[in-house]
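Take a look at the structure set out below.
The values are calculated or read from the model by the stated rules, or taken from the named source; none is laboratory data. Quick caveat, the model's predicted, so the values are computed rather than measured. Methodologically, a virtual Cβ is constructed for each residue, glycine included, from the backbone with ideal geometry; neighbour enumeration extends over all protein chains shown.
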């Protein structure tokens, strides 16, 4: 078997991709936030959170490759590199980047054919969703909230998936900013002015609480709040930039949007 034999996945999406490629036997450690696939939590030792990791535990596993994600894991990556480990830090922020990540990871583990096949499958799923959404009578405005204090709007791949699913992201212009602090909504009245038809919460690992959203001053004027169209998509299903976002997350978005449009007709 060519390529790295002992891989630690500090973020969840690389673990999921390796399982989808049939290369899960290479994984020796995972993030404690891993949800997909469910068997990973049973089969693999947990060695990290998201912004912290157990360096001693990782070193004891003797990995020949550590996979991480984005600037928030840069310090962990640097520490492991100083310990002599090989580290690859992905940084995908949009749908195209997710697909590139899959192809790159496939190449790293000598599974390029499987990766290309997975990417082709995902692209067909995305295209099918686009075509079905084009037939909708209208495209509802959606406010997607990643966090509530401070309020943070959706990252780029989420914004893209909303449009693929048939909606309009109320803060699409903010989605182009890669850092969460660049997507803060400093004036809650801005959401009121944009009058979303639906609000979808995905509060990064904690339960979305619609009752707290309803209590925000003036938000009773928002169509989504007035008509009780406040929904949750779990962060593990849409805020991890990998296969689940393009499948499970997209499926949930489509179901919510298409049901609303059909009921409104």
Selected residue [assigned to a loop (DSSP other than H, G, I, E, B) and within 22 Å of the chain's Cα centre (by Cα)] from 100, 130, 93: 93
Residues of region 30-85 satisfying the condition of being loosely packed, with under 13 Cβ neighbours inside 10 Å and touching a residue at least 60 places away in the same chain (Cβ under 8 Å): 71
Condition (residue is surrounded by fewer than 18 Cβ atoms within 10 Å (Cβ to Cβ) and not in a helix (DSSP H, G or I)) applied to region 104-126: is it met by at least one residue? yes
Conditions (1) surrounded by fewer than 22 Cβ atoms within 10 Å (Cβ to Cβ); (2) modelled with pLDDT of 95 or more; (3) over 26 Å from residue 263 (Cβ atoms); (4) out of contact with any helix residue (DSSP H, G or I) (no Cβ under 6 Å at 6 or more places or on another chain) -> residue 101 fails only (1)
Residue selected from region 178-193 under the condition free of Cβ contacts under 8 Å to residues at least 12 places away in the same chain and more than 10 Å from residue 151 (Cα to Cα), by the criterion farthest from the chain's Cα centre (by Cα): 193
